[in-house]
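Working notes, beginning with the structure itself.
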Number of protein chains: 2
Amino acid sequence: MEQESRGRTSRRRRSRDGGDTPQRQTNYRQLRNPFPQMPVFSDDQIAAMHDTALQMLEELGIKVLLPEARKIFANAGARVDESTQMVYLGRDIIAEALSTAPRSITARAATRERDLLLELGSLTFQCGAGAPHATDLERGRRPGSGRDFREFVQIVQHFDVLHLMPPVVEPQDIETNIRHYFTMEAQLTLSDKLPFVFSRGTPQVTESFELLRDFRGLTDDDFQSDPHCYTIINTNSPRVLDTPMAQGLIDFAKHRQLSIVTPFTLMGAMAPITVAGAVTLSHAEALAAIALTQMTNPGAPVMYGTFTSNVDMKSGAPAFGTPEHFKASLAAGQMARLLGLPWRCAGGSAANVNDAQAANESQFALWGCLMAGATTIIHAAGWLEGGLTVSYEKIITDMEVLQMVAEMCAPTAAGPDEIALDAHREVMPSGHFFGCAHTMARYQTEFYQPLVADWSNFGSWTENGSRTASERATDIWKKILRDDVRPPLDEAKVEAMHRDIAKRTAAGGAPPES
Amino acid sequence: MEQESRGRTSRRRRSRDGGDTPQRQTNYRQLRNPFPQMPVFSDDQIAAMHDTALQMLEELGIKVLLPEARKIFANAGARVDESTQMVYLGRDIIAEALSTAPRSITARAATRERDLLLELGSLTFQCGAGAPHATDLERGRRPGSGRDFREFVQIVQHFDVLHLMPPVVEPQDIETNIRHYFTMEAQLTLSDKLPFVFSRGTPQVTESFELLRDFRGLTDDDFQSDPHCYTIINTNSPRVLDTPMAQGLIDFAKHRQLSIVTPFTLMGAMAPITVAGAVTLSHAEALAAIALTQMTNPGAPVMYGTFTSNVDMKSGAPAFGTPEHFKASLAAGQMARLLGLPWRCAGGSAANVNDAQAANESQFALWGCLMAGATTIIHAAGWLEGGLTVSYEKIITDMEVLQMVAEMCAPTAAGPDEIALDAHREVMPSGHFFGCAHTMARYQTEFYQPLVADWSNFGSWTENGSRTASERATDIWKKILRDDVRPPLDEAKVEAMHRDIAKRTAAGGAPPES
């Protein structure tokens, strides 16, 4: 124990170069998941859960609020009871639908370097999203605004390890009939990543597709050849598919844009208290939603998904990053592999401030998603209060973890040069490798450089103001906004979009449907 | 996205019972590692690293400062140069020694329920240890004292998920010639877990063994039949085995007590900058140290170990919980499996305060150890400043993570009762599982109950003082000390030990050797 402190004599070594050194270059844009996949249940148990989900769809059915969706289900052979809005899906119908769902999807961003390959084995991260509130140490907690929305787009754009552009907060000060113009404009002009489109009725979805298609300069065929945007579809557990969600599935499938289907099921609340029961329910709902996309347009890009965590049974408060959340992620991963589909999983934290609880819950949930083999990990940074707030600082501190995970995706060499017998020969017992040739050739690029971690000793740290990770994170997000680096844009396209939006706004916009 | 907030209407549900509910009972005392083991290198690369380590021991040698140890090495056939204190070990000698190292060790605590099975596949945690400083929010950062040492023993004793009793801080206000009496007395009277003995020369080690043997009421044969205590042996990298460490290996082997061999190697400082190079060096040193135990007493209990992280190449500051640390843990796990020996790995954080950085680094390092398949994960809680300080609060917040990991070790059922078709039948679309029979039968025990996490909503949390996890952790450790729960003790044995210590103290104690 005590002996371990002996090695620390090196810690006060001074900087070997005064200026900036080259940064390690690791590609964070296209990742494959290097972590072994962990089962929580046996194959037989997973098969039984899948079978029970099929039985549920067949016997218990799912309530579908949108008439158009019920009609599509009926046309595919489902038994529909219009008086109760219940749809009963036979397992043959589900099997038929699943057979056309693509196993691999290439989602097109503004540039090919930002395109995303979505399939089992690939790994993408999304920043925490969908929050009504934003918070930061300087401005406090407040309802999400247009300004927050734009700032979050800029912050997400900055980090290569965040692959999809999400709606981090709801811009509540923008009127709802023109909010989709605002969110599209911000995503397209401040970022070159895959944009998100809210499923809030056909008019908004169609307009968003048009803005995107025109801004990217795509024909309709181009636009539909691969998805150029995505949406998230939550079922209303248990067993309800509501109007805007069903409409979104249909609209996205028609235009061959990407739907990520995600029942949001809290064990003990809108799902059974057991992991197996909750994941079975989530699976049944996901199957129905995926089926709707394939009935609408066979081959339409769709991802399987789950977001299953638990509540505190004393208070009903939702929790994230718990053992039950972790296990549910693992079970969902087994289900996704059974289907062979790319899928999304989710992290998160229920903490109210960016403290040790917040960090621990988010990271614990993250490892569940990673070992579950998720293709897309949503809410992987910034989420507080179970998603009611996204924190500017927490995005930054979580980013450190995501970047370190991304470093794990890169291969590590272990040839003779790395085993380094020559270096061992060069350095005598009790000697130091700091100055040896092997180190000198590599010291600028060998290690991951931290984003927000401060490794200085207690004395230096105290002299520098005893600043916590959250305080240091403040400097980082402010600098990102100050630097205001934007992707290259075709100014003519921007102006055309602004004219288009002005015209649509003057015509009254398009209110959301629910 | 926004739709996910709909499920949250349940979060303000009131407590369904006013009184205490039965706690979930999960056995944290005997754990098997449920996580899949992850390689970082190919089998060929691992074989090449092992081969290079053997070549290093054969051609470059290791400096051994203790004459008795050099003699043991020489008697086993090693080439020894007394003028340089260098020992050169042929690969046949290492192979012979490794053949007698036990694959499975049962370490005996005060009760059989606290005994530890140490082998590949079992999982044990140790609190952060060996720190010169202690810190807490109320008393601040200070040199470790006897009071701190005792308090940490009580806190470690409280948590079943901490399996070994370590010397959390150095009790610097206790004179060094009697410090071993103090640390043994505290461990034996305040805890029933496997105690730690410092390797600070034969007199202190022998006296510690005597105190332990007498207090446990063991004959010499009993004492030596299985290990009843453990020590940590750090080599002085690169390639030095110093006097107290070599003496400790010999003394522990002679008495068949447990040595955990751990080269502490920081990449870029006392080890090559590459993961493969650093782990190869660590492996060579561990092989030499393990060999010494087996040459001294074949079959003596010994664990393989590694503690390899990296430094900041700009400042020389050590870092923990980095991608390089993670990869080194994975590589060491591959080495341990090659040998077939139980082994220790280590977590840690370089943060100066219990913030998001501290939580993230410790947990990131932890996952490296878990996926490396470590038998014992050391410094798994409380470590700040790369081990220069142990934080009372960080022990508590890290404990949440360890308990959640321990929950993952328990099997999760997925039979018909858990898949719960009846519950799905009972709850209508848009309904709620909170009150259904399936939930009512399980709500008190289904979920892990958090230790320090606060899942209340922002309003409640604010009304309750906006307290961070560290502040809430303060309440928890203070309550543990206030409750002062002690293991059952034989008062006659305690009095006899006190008389023995008084006599030994009067005789001048035993100074440490270095």
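Derivation of every value follows stated rules applied to the coordinates shown; laboratory data play no part. Remember, predicted model here, so these are calculated numbers, not experimental data. Here Cβ is always computed from backbone atoms with ideal geometry, including for glycine, and neighbour counts include all displayed protein chains.
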Worksheet item: Extent of the protein assembly as shown along each principal axis, from alpha carbon coordinates, in Å, largest to smallest?
Response: 95, 62, 50
Discussion item. For the stretch A:188-332, take N as its residue count and report Rg(C-alpha) divided by 2.2 N^0.38 Å.
Written reply: 1.16
Item to complete: Please arrange B:Ile174, A:Ile290, B:Ile46 by counting, for each residue, the other beta carbons lying within 10 Å of its beta carbon, fewest first.
Response: B:Ile174, B:Ile46, A:Ile290
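Below 15 angstrom from the Cβ of A:Pro298, what's the summed charge of the other residues (Lys, Arg +1; Asp, Glu -1)?
Working: positive: A:Arg103, A:Lys254, A:Arg256; negative: A:Glu96.
Computed value for this residue: +2.
Can you give the calculated 222 nm mean residue ellipticity of chain B, where each DSSP H run of n ≥ 4 adds -39,500 (n - 2.57) and the sum is split over every residue, rounded to the nearest 500 deg cm²/dmol?
Working: 18 runs with 214 residues, N = 514.
Rounded to the nearest 500, it is -13000 deg cm²/dmol.
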Worksheet entry | Where a label projected 7 Å from the Cα of B:Thr100 along Cα→Cβ would reach, residues of the stretch B:241-260 with amide N under 20 Å | B:246-260
Worksheet item: What does a probe at B:Thr176 reach in the stretch B:473-514, counting residues whose amide N is under 18 Å from the point 7 Å along Cα→Cβ?
Response: B:508-514
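Run the numbers on the stretch B:379-514 and let me know its relative contact order in percent, using alpha-carbon pairs under 8 Å that are six or more apart.
Computed over the stretch B:379-514, the figure is 25 percent.
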Worksheet, complete the sentence: Rounded to the angstrom and largest first, Cα extents along the principal axes for chain A equal 83, 58, 47
Worksheet, complete the sentence: With label points set 7 Å from each Cα along the Cα-to-Cβ direction at B:Ser83 and A:Asp475, the distance between them in nm comes to 5.5
Worksheet entry | Paired Rg and Dmax values of the stretch B:272-338, which use every Cα atom, in angstrom | 13.8, 45
Worksheet item: Which translational diffusion coefficient, to the nearest whole µm²/s, is obtained for the stretch A:385-480 from the Stokes-Einstein equation, given a Kirkwood hydrodynamic radius over C-alpha pairs, 37 °C and 0.692 mPa s?
Response: 195
Practice prompt. Describe numerically, in nm with one decimal, the distance between label points set 7 Å from Cα along Cα→Cβ at A:Ser225 and at A:Thr111.
Written response: 2.1
Fill in: FRET E, pair B:Gln449, B:Asp490, Förster distance 45 Å, beta-carbon r, rounded to 0.05
0.85
Worksheet item: Among B:Leu116, A:Leu117, A:Leu292, which comes first, second and so on when ranked by fewest other beta-carbon atoms within 10 Å?
Response: A:Leu117, B:Leu116, A:Leu292
Response to the item:
A student applying the Cα gyration tensor rule (rounded when a/c is under 1.5; otherwise prolate if a/b is larger than b/c, oblate if not) would label the stretch A:78-217 prolate
Item to complete: Calculate how steeply helix B:146-158 sits against the longest principal axis of the alpha-carbon atoms of chain B, using the helix alpha-carbon long axis, and give the answer as 0 to 90 degrees to the nearest 10.
Response: 60
Worksheet, complete the sentence: Put in order of increasing Cβ neighbours within 10 Å, starting from the fewest, B:Thr202, B:Thr412, B:Thr322 give B:Thr202, B:Thr412, B:Thr322
Worksheet item: What number, in percent, do you get for the relative contact order of chain B if the mean sequence gap of Cα pairs under 8 Å and at least 6 apart is divided by its residue count?
Response: 19
Worksheet item: Which net charge results for the neighbourhood of A:Arg499, defined as the other residues with beta-carbon distances under 13 angstrom from its beta-carbon, given Lys and Arg at +1 and Asp and Glu at -1?
Response: -2
Fill in: Longest exposed-site-free window of chain B, the sites being GluC sites (Glu not before Pro) in a DSSP loop that have at most 13 other C-beta atoms within 10 Å
B:176-514
Worksheet, complete the sentence: FRET efficiency (A:Arg29, B:Ser514; Cβ distance; R0 51 Å; to 0.05) is 0.45
Worksheet, complete the sentence: Computed curve, the stretch B:252-389, Cα-only Debye sum without solvent term, log₁₀ I(q)/I(0) at 0.12, 0.15 Å⁻¹, is -0.45, -0.68
Worksheet item: Zone of B:Asp483 (label point 7 Å along Cα→Cβ, backbone N under 14 Å): which residues in the stretch B:153-194?
Response: B:154-161
Item to complete: Grab the other residues whose beta carbon is less than 10 angstrom from that of B:Thr124, score K and R as +1, D and E as -1, and report the net.
Response: +2
Worksheet, complete the sentence: Cys residues of chain B with no disulfide-compatible partner (no other Cys Cβ under 4.7 Å) are B:Cys127, B:Cys229, B:Cys409, B:Cys436
Discussion item. Based on alpha-carbon atoms only, what is the radius of gyration of the stretch B:184-259 relative to the globular estimate 2.2 N^0.38 Å?
Written reply: 1.11
Fill in: Sorted largest first, extent of the stretch B:324-428 alpha carbons per principal axis (Å)
57, 38, 20
